[in-house]
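What follows is a single structure, written as structure tokens, with notes after it.
Laboratory data are not the source of any read-out in this text; all were calculated from the coordinates shown. Worth saying up front: this structure is predicted, and the values here are computed from it rather than measured. No Cβ is skipped: glycine too gets one built from the backbone with ideal geometry, and neighbour counts run over all protein chains shown.
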Amino acid sequence: MSSFTDPTALTHDQLEEGSAFAPRFDAHGLIFAIAQEAGSGRVLMAAHMNTEALRRTIETGEVHYYSRSRKALWKKGETSGEVQKLIELRTDCDQDVILLTVEQTGRGAACHTGRKSCFYRVLRDGELADSGEPRLFDPAAVYRKS
């Protein structure tokens, strides 16, 4: 089982320059995670992880997140088949954000709306406009409630 160093046990220099992996979870036990597509470098999505999601991601090589709305751990692609395979995991300088380089499997859609990226809208003249990114699957068909 993966273990993490307690960030409070480290000095500022150890946290920012050392080799100890000491993710700094917030008061709710969560850390922000960004998924980036291997090869293209495109940002696919942003979500949160708790300790268990981070551990499972490292141990299995398949990305897991924590849903704040459902208050539950979830494996990316468990329902949709759009699994994210972990290629590389990085953390920022003060270890409070995780950057996941992933291979997006399935039809290539990371977003629950059926698009490749969750960042499919652009701010133009103060309003959000669709960037024209096509849906790769119909979310109503994929996420049917049984």
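R0 = 25 Å: FRET efficiency of residue 90 with residue 9, Cβ-based, nearest 0.05?
0.70
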- Message: Just to confirm a number: summing +1 for Lys and Arg and -1 for Asp and Glu over residues other than residue 86 whose beta-carbon lies under 14 angstrom from that of residue 86, what do you get?
- Response: +1
- Item | Residue order, fewest to most beta carbons within 10 Å, for 12, 64 | 12, 64
- Note on the structure: The helix 51-60 Cα axis meets the longest alpha-carbon principal axis of the chain at an angle in degrees, between 0 and 90 and rounded to 10, of 80 degrees
- Three-way shape call for the stretch 77-146 based on the alpha-carbon gyration tensor, with the a/c threshold at 1.5: oblate
- Query: For the stretch 1-81, what ratio Rg/Rh do Cα atoms give with a Kirkwood hydrodynamic radius?
  - Reply: 1.00
- Isolated Cys in the chain by the 4.7 Å beta carbon test? 93
- Message: Can you compute the modelled spin-label distance between residue 135 and residue 58, with each label point 7 Å from Cα toward Cβ, in nm?
- Response: 3.8 nm
- Put a dot 7 Å past each Cα toward the Cβ at residue 51 and residue 125; how far apart are the dots in nm? 5.2 nm
- In the Gaussian network model of the chain, springs joining C-alpha atoms below 10 Å, which of 61, 108, 39 carries the largest mean-square fluctuation? 39
- Taking each pair of different alpha-carbon atoms in the chain once, compute 1/r for the pair, average those values, and report the inverse of that mean as the Kirkwood hydrodynamic radius in Å to one decimal. 16.4 Å
